[in-house]
Amino acid sequence: MSRVRDLPAVLQLDVSGNPQQWITYESSAYHYAKDNIAWAMGAIDFDIHGGTCAKTGEQSVLSINTIIAIKGHLSPKAMKHYNRVPLTNTTLFRRDQNVCAYCGDIFSKGGLTRDHVHPVSKGGLNTWTNVVTCCAPCNKRKDNHLLESINMDLIYVPYVPNRAEWLILQNRKLLADQMEFLMKRVPKVSRLHEYLDDYGPGT
Ligand SMILES: [Zn+2]
């Protein structure tokens, strides 16, 4: 069997099925051991072999699903936490599929920057709806200008991913059943739908 650290992440849900976060198989094993699992799904189970019982000489085995729902109700603070979609360059570039919002070319992560459509120096915010993926030359050209003043246009509209999309953007190794579960919860406006239609999951 694979070593635990090589295994893909487990998708953690709340008891109502809202996606919360990626956790390791070790953390999942903890939830199983503590009887914290409300229900589980996912096509693939992994068996984790534990210690050997001194009395019986039998080794304990724990079967772990790829999607697990945790028992209990969330406090308002925890609910707020699990609704967050923190903005990072990694998730931003993946939202925009590494396409520069101005010239439309595709770049590797190293050739990309975060551009504030309405410049921060002019009161623009560092929020999902005001940032786009931008190549270095376009960023230099745009500088801290407003688009209308330098005749530049966006070729796509920035948007806020929901938690399900954000979880997809975070994890490059997600399994087919996890992808299927999350994609059903990604809003229709997301570019992830057309991207997956073109390239399929796992690209
Ligand atoms: Zn560009």
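The values are calculated or read from the model by the stated rules, or taken from the named source; none is laboratory data. This structure is a prediction, so every number in the text was calculated from the model and none was measured. When we count neighbours, we look across all protein chains shown, and the Cβ atoms used for this are built from the backbone with ideal geometry, even at glycine. Surface accessibility is based on the protein's heavy atoms, side chains included, excluding ligands, DNA and RNA. Shrake-Rupley method; radii C 1.70, N 1.55, O 1.52, S 1.80 Å.
What's the number of the only condition in (1) surrounded by 12 or more Cβ atoms within 10 Å (Cβ to Cβ); (2) within 13 Å of the ligand (Cβ to nearest atom) that residue 131 fails to meet?
(2) is the only condition that residue 131 fails.
Evaluate the stretch 175-194: report whether one residue or more is touching a Phe, Trp or Tyr at 6+ places or on another chain (Cβ under 6 Å), away from the ligand (no atom under 16 Å from the Cβ) and open to solvent by less than 90 Å² (accessible area, probe 1.4 Å).
Looking through the stretch 175-194, none of the residues is touching a Phe, Trp or Tyr at 6+ places or on another chain (Cβ under 6 Å), away from the ligand (no atom under 16 Å from the Cβ) and open to solvent by less than 90 Å² (accessible area, probe 1.4 Å).
Pull up the stretch 69-79, narrow it to residues that are hydrophobic (A, V, I, L, M, F, W, C) and either within 16 Å of the ligand (Cβ to nearest atom) or out of contact with any Phe, Trp or Tyr (no Cβ under 9 Å at 6 or more places or on another chain) (or both), then point me to the one that is most open to solvent (accessible area, probe 1.4 Å). Working first, answer last.
We begin by selecting, within the stretch 69-79, every residue hydrophobic (A, V, I, L, M, F, W, C); these are 69-70, 74, 78-79.
Next, from what is left, pick out any that are either within 16 Å of the ligand (Cβ to nearest atom) or out of contact with any Phe, Trp or Tyr (no Cβ under 9 Å at 6 or more places or on another chain) (or both): 70, 78-79.
Numbers: 70: 26, 78: 28, 79: 97 Å².
Top of the filtered list is 79.
Restricting attention to the stretch 153-170, which residues are surrounded by fewer than 16 Cβ atoms within 10 Å (Cβ to Cβ) and not hydroxyl-bearing (Ser, Thr, Tyr)?
Of everything in the stretch 153-170, those that are surrounded by fewer than 16 Cβ atoms within 10 Å (Cβ to Cβ) and not hydroxyl-bearing (Ser, Thr, Tyr) turn out to be 153, 154, 155, 157, 160.
Scan the helices (runs of 4 or more DSSP H) fully inside the stretch 129-203 and keep the ones with 2 or more residues being touching a residue at least 24 places away in the same chain (Cβ under 8 Å).
Values: elements: 136-142, 147-150, 163-170, 176-183, 192-199.
In the stretch 129-203, the matching helices (runs of 4 or more DSSP H) lie at 136-142, 163-170, 176-183, 192-199.
List the residue pairs whose Cβ atoms are under 9 Å apart, where the first residue sits in the stretch 80-109 and is in contact (Cβ under 8 Å) with a residue 12 or more places away in the chain and away from the ligand (no atom under 14 Å from the Cβ), the second is aromatic (Phe, Trp, Tyr) and part of a loop (DSSP other than H, G, I, E, B), and the two are 6 or more positions apart or on different chains.
So the pair list comes out as 95/159.
Going residue by residue through the stretch 154-165, is there one that turns out to be out of contact with any helix residue (DSSP H, G or I) (no Cβ under 8 Å at 6 or more places or on another chain) and acidic (Asp, Glu)?
no
Considering only residues that are open to solvent by 60 Å² or more (accessible area, probe 1.4 Å) and within 11 Å of the ligand (Cβ to nearest atom), which ones fall in the stretch 134-152?
First, the residues of the stretch 134-152 that are open to solvent by 60 Å² or more (accessible area, probe 1.4 Å): 137, 140-141, 143-145, 148-149, 151.
Passing the criteria: 137, 140, 141.
Can you list the helices (runs of 4 or more DSSP H) lying wholly within the stretch 21-100 that have 1 or more residues being within 30 Å of residue 125 (Cα to Cα) and of a type in the set (D, E, K, R)? Steps first, please.
Values: elements: 25-33, 76-83, 89-95.
Because the criterion is at least 1 residues that are within 30 Å of residue 125 (Cα to Cα) and of a type in the set (D, E, K, R), the helices (runs of 4 or more DSSP H) in the stretch 21-100 that meet it are 76-83, 89-95.
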